[in-house]
Every structure is written in C-alpha cells, then in structure tokens.
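Novice: Input: one structure, supplied below.
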Amino acid sequence: MLTKLLLLFIFFAVMIAIGIYCRKHATDVNGFVLGGRSVGPWLTAFAYGTSYFSAVIFIGYAGQFGWKFGIASTWIGIGNALIGSLLAWVILGRRTRIMTHHLDSSTMPEFFGTRFNSKPLKIGASIIIFIFLIPYTASLYNGLSRLFGMAFNIDYTICIIIMAVLTGIYVIAGGYMATAINDFIQGIIMLFGIIAVIAAVLMSKGGFTEAINGLAHIQDPSVSSTPGVFNSFFGPDPIGLLSVVILTSLGTWGLPQMVQKFYAIESEKSIHKGTIISTLFAIIVSGGCYFLGGFGRLFSDQINIETDGFDAIIPTMLSNLPDILIGLVVLLVLSASMSTLSSLVIASSSTLTLDFLKDNFIKNMSDKTQVLIIRLLIVLFIAISVIIAVIQYKSNITFIAQLMGVSWGALAGSFLAPLLYGLYWKKTTRLACWCSYIFGTGIMILNMLFRETFPQIIQSPINAGAFAMLAGIIIVPVVSLISPKLDAKLVSNCFSCYEKEVKVPAKLSLGEDEE
C-alpha cells in the first residue's frame, strides 16, 4: 500500500509542478488554447495519443470487445493505429494546420464559421460539442471505480474528486502547454505500463502459447458454435468487429479535442515526426489494450458477466498481480483518464467561450477576459462531469456509461464529413454541413431513445455511430451539388493558403532541375 501511495504522490506532484511551470505560456487565448501554435512533434503526437486512449478504452472497451471477439479484438487496436492515427495525420494534419492558421481559427466551430462564412454554423457546432462532450467526460471516471476498489479499497467518490481537482489545477494553471507536457509523461507511463501488464498476465497463464491454446478450447454456444472461434483471425462476429474498428478509428477524424491537436503543430518537420510517433504509440497502447482484453475469457471462472458486467473483466485479470504492477496499472489508467479529461475540458470550455459567448452574449471581450472565462468554464465542466459520474455510480444508472458511445458517434457523425470536405473540396456548402450536423446528432439521439425500433444491425450505439459517420461522407457531397454555392471569392481566399509557395530542401523536391 505504501508503494502504491508513494507512486501516486510523485505522479500528482509532477503533474501540478508542470502546470505551475507552464503559466507563462497561458497568458492569452492563443497560448492557453493552442500553446502558441509552437508545440513540437513529440508533445503533439503524445497529446494526440493520450487524448485518444482513456480508461474507457483500457477498462471498458478492451474488456467488452475482448470478451466478444477474442484475440481478434486486436484488429481494433491496429485500426486505431492505421486509420485513427496514421491516416488522420496524413490526410488531416497538414491541411488542418495550414487552413486554420490562415483563417485564424482556434476551435473547430470557429473553423466552420469562418470557412463557410456562417455564424449560425459556428454556434450550432459549439452547442453540439457542449452537449455531447459532457457525458463523454463523465464516462472517463467509470473505468476507475473497480480498479481503485481493488488497489486501495477506498470510496470511488473520493477517487473521482481527487482526480478531477488535480487535473483541473494543472489545466487551469498552464493551459494547453501544461496538458501537452503532462500528456507526454502520462504517455510514457502508458507505454511501459501496458507492456508490463500484458507480460505479467500472459505469464500467469503459462505464457503466450499456453494462453492461446487455452483460448482455443473455450466455447460459448450463445456466441458461436465454431470451435476455437475466440483465437481465430476475425473472431465470431466480423461485421460487428468492423463496426467497432470504424467508430473507434475513423471517429477521431471528427472529434474536436483530437483535431484541435493539429492546430498547434509547430512545423512541417513536426508533422512528419508526429505521424510516425503517434502511429507507433497507438500500436503499442491501443493494440496492447485490445490484445490483453482478448484473453479475458481465460478468467471466466472468476467473472460473472451477468452480475459484474464487462467492466469487471480487466480488473479481475489484474487482481493477482504483484503490488508494484498494480500500482503501475493504477498510474496507467489515471494517466489515460487525466490526459483525455484535460483535452476534453479545454476543447469544451474554449469552444463555449470563443464560439458561443464571445460576440453573441458578451460584446468586446478582451483577451484576458476570454482566458478567465475559459478557466471558469473548465471548473464548471469538471464539476458537472464529477456530479454525473457520482450519480451514475451511486444509483447504478448504466445508460450514462453507455452514453460515451452515443457522444462519440454524434460528434464524429456531425463533424467528420464537413471538416474533411471543407479542407479538400471547394464546392462544399453550408446546407451540406447543416445536414451532416442534423443527421449525425439525430441518428444517435434516436438510437438512444428508440433503440429497439432500429434495424438489428444498427441498434448498437457503436454500429449506429459508424453508420452516421459513413452516411455523412455521402450526404455532404450530394447536398453540396444541389444546394446554393458559397461566394467564389470567399472560397478562393480560404484555399489560397495551399497555393502559397514555400522553399523546401532538395531531398523533398527536384526544383528547377526537374525540368
């Protein structure tokens, strides 16, 4: 117990010290929200990765989908790395950084408002973000309850409050730069933690080969009658697996807290390095989480899914590890949760301040006032998320935990297509963006309220979210072709940033010798 508490004390002390140190970077809006757009590749890549993978992934999704798909759930982690990280950086990274800098946009709603010359479009996006990020934020605490109960035997409410308060301190003090530096440290903990935990769990079952053999002998007639299905290449439900891959991988392209990382990139070199670093990080962390979860059924004699739920799987797998490893796991999950929490509250508070309150309700808001309001809203968002998490825990209201999938689907379903086409296609229109907003949020709200009436294939929030994203990619171009076009001069000005000539080293271009 002393070892675990000492690890926690050091961890929290370092987080707060970094927040205080970074105060000098958080004196204006640009510095507080984007770190002055001067964040290097390692910090940006780790900020992206740690915001991507939270306790929801490690405790909730890894346990649930590892149980459902077996070792094939590792494909989810691979998809996260290749689609959610590699392709996201390649397709969105450079263009997002160039155009948002050109349009002087600090948030995703501000980008939509300027790119399409529409204040209602900006306000609509900010309302969607405000509504759907709060339950997402609250869901981050869900993975901690069983883990802290196992490791410390203390009340879950106390854990939530401590984590929330300490996260709030370093975010409020140091803004985005403090978050980015802490994300880097938390990312290192996550990398070492997941490798150590996988090795320990597999050794407890006789090593990798024995664990795979054990998985091959497990059968569940309610899932599949095929022998060895849980250690097969695509598992018992390839379509369901593909839906999870799409939602958890492609979904990052439309999440404001993820895309905003690209706004702060320092240079071209940072994009190249950041792409590689974030992809490798995702392979190890996400691939490792789902790979570990794939062996969950080996512990079925210790778990009653009907009464304990999927959230009990990973904690049960870890319960017999040495104290030092359990302490490392606690730091791993705390790191994953705090990094994502800090990213979400900055995205929520900056969006509500800059895109909703500024100019609409508070005229002539000075830079210092904007930073002050952002800080106050961070306190508010964290407080609301804590209250929701405590209510969910005390009253066992399970739908709040499930709302994370609804939140992710609504945000990505609304914003992915408008962002992608807005960066690449000059003919994208305002009405097309509105249709994507309405369809993405509408389908997820209806799924939450009237799930039983949906077709079987999209009753799950995961499948419905994947459907919303894919549908948006079709809806936006179709509506754009039949709706009023934007002013040609406005569009030309937005895309002029891509035509600006820059000098590059000969290794990247042959230059005049090419002729």
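Novice: Let me spell it out: the conditions are (1) farther than 30 Å from S118 by Cα; (2) within 19 Å of the chain's Cα centre (by Cα), and T351 meets all of them except one. Which number is the exception?
Specialist: (1)
Novice: Restricted to the stretch 211-235, and to residues that are of a type in the set (F, W, Y) and surrounded by 11 or more Cβ atoms within 10 Å (Cβ to Cβ), which residue is farthest from W75 (Cα to Cα)?
Specialist: Among those that are of a type in the set (F, W, Y) and surrounded by 11 or more Cβ atoms within 10 Å (Cβ to Cβ), it is F230.
Novice: So, one more: Select from the stretch 182-210 the residues that are surrounded by 14 or more Cβ atoms within 10 Å (Cβ to Cβ) and of a type in the set (S, T, Y) and list them in ascending order.
Specialist: Across the stretch 182-210, the qualifying residue is only S204.
Novice: Now, a different point. Could you name every one of the helices (runs of 4 or more DSSP H) located completely within the stretch 305-383 that has at least 1 residues being more than 25 Å from G254 (Cβ to Cβ), in contact (Cβ under 8 Å) with a residue 24 or more places away in the chain and of a type outside the set (A, V, I, L, M, F, W, C)?
Specialist: Correct list: 313-318, 323-351.
Novice: Here are F281, F234, F262: which of them is modelled with pLDDT of 85 or more and over 20 Å from the mean Cα position of the chain (by Cα)?
Specialist: So the residue among F281, F234, F262 that is modelled with pLDDT of 85 or more and over 20 Å from the mean Cα position of the chain (by Cα) is F234.
Novice: Search the stretch 76-105 for residues that are without any contact (Cβ under 8 Å) to a residue 40 or more places away in the chain and in a loop (DSSP other than H, G, I, E, B) and pair each with any residue that is among the polar types (S, T, N, Q) and surrounded by 17 or more Cβ atoms within 10 Å (Cβ to Cβ) when their beta-carbon atoms are under 9 Å apart and the residues are at least 6 apart or on different chains.
Specialist: Short answer, once both residue conditions are applied: D104/T114.
Novice: Answer yes or no: is there a residue in the stretch 53-64 that is hydroxyl-bearing (S, T, Y), modelled with pLDDT of 90 or more and crowded, with 23+ Cβ neighbours inside 10 Å.
Specialist: No, because not a single residue in the stretch 53-64 is hydroxyl-bearing (S, T, Y), modelled with pLDDT of 90 or more and crowded, with 23+ Cβ neighbours inside 10 Å.
Novice: Identify the residue in the stretch 20-53 that is aliphatic (A, V, I, L, M) and assigned to a helix (DSSP H, G or I) and, among all such residues, is nearest to L334 (Cα to Cα).
Specialist: Among them, the one singled out is A47.
Novice: F295 - would you say it is closer than 30 Å to I10 by Cα and crowded, with 20+ Cβ neighbours inside 10 Å?
Specialist: It is false that F295 is closer than 30 Å to I10 by Cα and crowded, with 20+ Cβ neighbours inside 10 Å.
Novice: In the list F111, F130, which residue meets the criterion of being in a helix (DSSP H, G or I) and surrounded by fewer than 22 Cβ atoms within 10 Å (Cβ to Cβ)?
Specialist: F130
The values are calculated or read from the model by the stated rules, or taken from the named source; none is laboratory data. Keep in mind that this is a model prediction, so the values were computed, not measured. All Cβ positions, even for glycine, are placed from backbone atoms using ideal geometry, and neighbour counts span all protein chains on display.
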